[in-house]
Amino acid sequence: MKHPLEPAAFAEAVAADPNQMERLHTYLALLRRWQSRINLVGPKTLADPWRRHFLDSAQLLPLIPPAVTRLVDLGSGAGFPGLVLAILCDVPVTLVEADQRKCAFLLEAARATTTAVEVLPARIESIAPAHADVVTARALAPLARLIGYAVNWLAPNGICLFLKGRSAADELTEAQKNWKMQVSSVFSRSDDAAMILRIDRIFPRS
């Protein structure tokens, strides 16, 4: 069993500066307080939050292309990965979340960490999509359904960055029955059984 990742090790791993770390500490403290009232994340994951949530989110940073003008995080939940990415980079981020209580948390976390994000409190299917250069998601839906959501949000030449667990290969096989796409994968830095899927050039199969 791995020892919990320490904040200093996280900061070194992702090159987070002192201001960013202070904001992330504020975020974590708020998450712990709100978790006692609403279920934002799996309770056991808070034994190792810097690995399970912050590193898991921040590992997407090197995969975000330069000159990105908009990133949309679908099913943001407690803000992973979208709010973490907004704190660690200068890309404009939109957080889409249907649960009103989680939206309240996202707004409070953004305020407390002085992070400028847009929070859309609605179901993905009910929102008129705004094209994004990058679409992210974690633990939202099986890949076949997730691509159906994301494709409407992608700008021309946009990419999807999806954090997936041990079922990624099976989900990809299922998704490719209905979608043509270019896929590459990167092993997760936070979970030996997980991976990141980078997907672009998505078209429905006729």
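Since every read-out is calculated from the coordinates, none of them should be taken as a lab result. Everything quoted here is computed from the prediction, not taken from an experiment. Don't worry about glycine lacking a Cβ; one is built from the backbone with ideal geometry, like all the others, and counts go over all protein chains shown.
Could you please let me know if residue 93 is closer than 21 Å to residue 195 by Cβ and surrounded by 14 or more Cβ atoms within 10 Å (Cβ to Cβ)? Against the criterion (closer than 21 Å to residue 195 by Cβ and surrounded by 14 or more Cβ atoms within 10 Å (Cβ to Cβ)), residue 93 does not qualify.
Can you tell me how many residues in segment 182-206 are of a type outside the set (Gly, Ala, Ser) and either without any contact (Cβ under 8 Å) to a residue 12 or more places away in the chain or surrounded by 20 or more Cβ atoms within 10 Å (Cβ to Cβ) (or both)? Matching residues across segment 182-206 total 5. Looking across segment 138-170 at every residue that is in contact with a helix residue (DSSP H, G or I) (Cβ under 7 Å, 6 or more places away or on another chain) and without any contact (Cβ under 8 Å) to a residue 60 or more places away in the chain, the one that is nearest to residue 193 (Cα to Cα) is identified as 164. The set of residues in segment 156-174 that are surrounded by fewer than 21 Cβ atoms within 10 Å (Cβ to Cβ), hydrophobic (A, V, I, L, M, F, W, C) and under 18 Å from the mean Cα position of the chain (by Cα) contains only 168. Does any residue of segment 131-148 turn out to be within 17 Å of residue 182 (Cα to Cα), over 16 Å from the mean Cα position of the chain (by Cα), surrounded by 13 or more Cβ atoms within 10 Å (Cβ to Cβ) and of a type in the set (Asp, Glu)? No; the residues of segment 131-148 include none that is within 17 Å of residue 182 (Cα to Cα), over 16 Å from the mean Cα position of the chain (by Cα), surrounded by 13 or more Cβ atoms within 10 Å (Cβ to Cβ) and of a type in the set (Asp, Glu).
Taking the criterion of being assigned to a loop (DSSP other than H, G, I, E, B) and surrounded by 14 or more Cβ atoms within 10 Å (Cβ to Cβ), the residues of segment 5-26 that qualify are 5, 16.
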